[in-house]
Amino acid sequence: MGVDLENSWGRCSLPWNGWPEMAAPVLWACCAVLAAATAVVYAQRHSPQEAPHVQYERLGSDVTLPCGTANWDAAVTWRVNGTDLAPDLLNGSQLVLRGLELGHSGLYACFHRDSWHLRHQVLLHVGLPPREPVLSCRSNTYPKGFYCSWHLPTPTYIPNTFNVTVLHGSKIMVCEKDPALKNRCHIRYMHLFSTIKYKVSISVSNALGHNATAITFDEFTIVKPDPPENVVARPVPSNPRRLEVTWQTPSTWPDPDSFPLKFFLRYRPLILDQWQHVELSDGTAHTITDAYAGKEYIIQVAAKDNEIGTWSDWSVAAHATPWTEEPRHLTTEAQVPETTTSTTSSLAPPPTTKICDPGELGSSGGPSAPFSISVPVTLALAAAAATASSLLIWTTPLFPNARAGNLSLIHLLTTVDWSRI
C-alpha cells in the first residue's frame with residue numbers, strides 16, 4: 001500500500017489525552033522517519049536537474065549512449081523527446097542507435113525503471129563535417145572596393161564557423177561583415193591600379209571537422225558591374241519594325257563619368273530561340289530597326305566597364321510589340337437606307353382609286369413582271385352583273401410586303417377575259 005510521504009508530516013499529530021506515556025516516543029519516531037522520507041522525495045523531484053550533455057555524431061554512423069554513471073546491468077528506461085524507446089535498442093543500460101539519420105537528433109533521457117529517477121540526458125545532433133567552401137570576390141562598386149562571399153557546396157545540418165583573411169601583398173586588410181548577408185564581407189581599396197595581387201583565405205569548422213580554401217587575383221579581374229536598371233521597350237508609332245529601348249546605369253556604380261560603362265543588348269521574338277545582339281559603346285538607349293511586325297519581343301541589357309573587368313549579368317527582361325496599324329472597317333455591299341412606314345391616322349383621307357387602263361398592262365396574255373401590290377385588292381365593277389369582265393378597279397396598296405394581297409391580285413388578273421375589255 002503506497003504512502004503519501006509529502007503529506008504525511010501534516011497528519012503526524014499526537015493526541016496527548018488518553019494515551020499512555022510509552023506511546024509518545026514511538027509516535028515521535030514515526031514522524032521523524034516520515035519527515036526524512038519526505039525530504040528525500042522532495043529533493044529528488046525539486047532539485048535542479050543537470051544540463052544535458054551535448055553530443056554531435058556523423059550522419060550514417062552508429063552511436064552508443066551510456067546512462068550516465070549507471071552500471072551496465074542497471075534497470076533503466078530511455079526516452080527521446082518525451083517518447084519511450086523500444087527495449088530492443090538497449091544493450092544493458094546503454095542505448096544503441098545504428099545508421100544515424102537526421103531524424104535521430106533530439107533530447108535523449110535515461111530514467112531508473114522503478115523510481116523514474118532521471119539519471120542522464122544527452123542532446124544529440126546528427127550532421128556532417130564541412131566540405132571545401134566555395135569562395136568568390138567581385139567589385140560592383142569600382143573603384144570604392146569589393147566584396148567576397150562564400151558558401152558550402154553541401155549542407156552540414158549543424159552550426160559552422162567561418163574565418164576570412166584578406167591580404168594585399170603582406171598587408172592584412174579588414175573585411176567588414178555585411179549587415180544583411182551573413183556569408184559576405186566588404187573590403188575597401190587602399191591603392192587603385194595596384195599591380196600587387198590580393199589573396200583571400202577562408203576556413204570553416206564545426207564539431208565534426210574542418211576545411212579551408214583560398215583564391216588570388218588582380219584588382220581589375222574582379223570588376224563586374226550590376227545589371228542595368230529600369231529597362232523599358234516601347235513601339236515607335238507608324239513604324240511596324242521598330243522598338244525603342246531605354247535603360248539606366250546600375251545605381252551601385254559610383255562614378256559613371258570617370259569610369260564609364262558600355263552596354264550589350266540582346267533581343268528576340270518570343271516565337272524564336274535565337275538572340276540578336278548589339279554592343280553599344282555609350283548611351284543608355286537604342287532603337288531596334290529589324291523587328292518582326294506584330295510579334296512580341298523580349299529585350300535584355302548587360303553592362304561592363306569600358307576597359308577592365310567582365311560583363312554583368314543580364315538585366316530583368318522587358319517585353320514589347322512593334323506598332324501595328326489599326327484595321328479599317330470596310331463594307332462589301334451597298335447600304336440601302338431603311339424606309340420607315342408610318343401608320344395612317346384615322347383622320348387621313350381614304351385610299352385613292354385608279355381605273356386600270358388596258359394599255360398599261362401590256363398586250364400579252366398576262367403580266368410581264370411580278371406585281372408588288374401586297375394587300376387584298378378592293379375591286380369594284382361598274383354594273384357588276386353586266387360588265388364584270390370589262391372594268392377593273394383597285395386601290396393603292398397600304399402594306400407593300402403582305403403576301404396574301406399579291407396572291408389575290410394575281411388570281412384575279414389571270415381569270416379576266418382580256419379580249420372583251
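The values are calculated or read from the model by the stated rules, or taken from the named source; none is laboratory data. Just so you know, these numbers come straight off a predicted model, no measurement behind them. Cβ coordinates were reconstructed from backbone atoms using ideal geometry, including for glycine residues, and neighbour counts include every protein chain displayed. These area figures cover heavy atoms from the full protein model, side chains too; ligands, DNA and RNA do not enter into them. Shrake-Rupley method; radii C 1.70, N 1.55, O 1.52, S 1.80 Å.
Below is a table of values for the structure above.
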read-out: FRET E, pair His186, His210, Förster distance 35 Å, beta-carbon r, rounded to 0.05; value: 0.85
read-out: Spin-label pair Trp314/Asn91, simplified geometry with 7 Å Cα→Cβ offset, distance in nm; value: 5.8 nm
read-out: Per residue accessible area of region 134-217, 1.4 Å probe, in Å²; value: 58 Å²
read-out: Relative contact order for region 53-127, counting Cα pairs under 8 Å that sit 6 or more residues apart, in percent; value: 43 percent
read-out: Point-charge dipole on Cβ atoms (K/R +1, D/E -1) for region 53-127, about Cα centre, debye to 20; value: 140 debye
read-out: Charge dipole (debye, nearest 20) of region 229-320; +1 at Cβ of Lys and Arg, -1 at Cβ of Asp and Glu; value: 480 debye
read-out: Modelled FRET efficiency - R0 51 Å, Gln274 with Asp62, Cβ distances, 0.05 increments; value: 0.35
read-out: Note, ³J(HN,Hα) from phi for region 57-67, Karplus 6.51, -1.76, 1.60, rounded to Hz, x at Gly and Pro; value: 9, 7, 4, x, 8, 9, 9, 10, 9, x, 8
read-out: Built amide H within the under 5 Å cut-off of Arg184, gap 5+; value: Asp178
read-out: Cα-based Lys proximity count in region 171-310, under 17 Å, for pairs eight or more positions apart or on separate chains; value: 5
read-out: Loop-located chymotrypsin sites (Phe, Trp or Tyr not before Pro) in region 49-120 whose Cβ has at most 10 other Cβ within 10 Å (DSSP); value: Trp72, Trp116
read-out: Cβ-Cβ FRET estimate between Ser201 and Glu244, R0 fixed at 45 Å, reported to 0.05; value: 0.35
read-out: Sequence of Met190, Met173 from largest to smallest accessible area, 1.4 Å probe; value: Met190, Met173
read-out: Unit charges at the beta carbon, dipole of region 53-127: most positive-side option, Ala74, Ser93, His120; value: His120
read-out: Three-way shape label, region 134-217, alpha-carbon gyration tensor, a/c 1.5; value: prolate
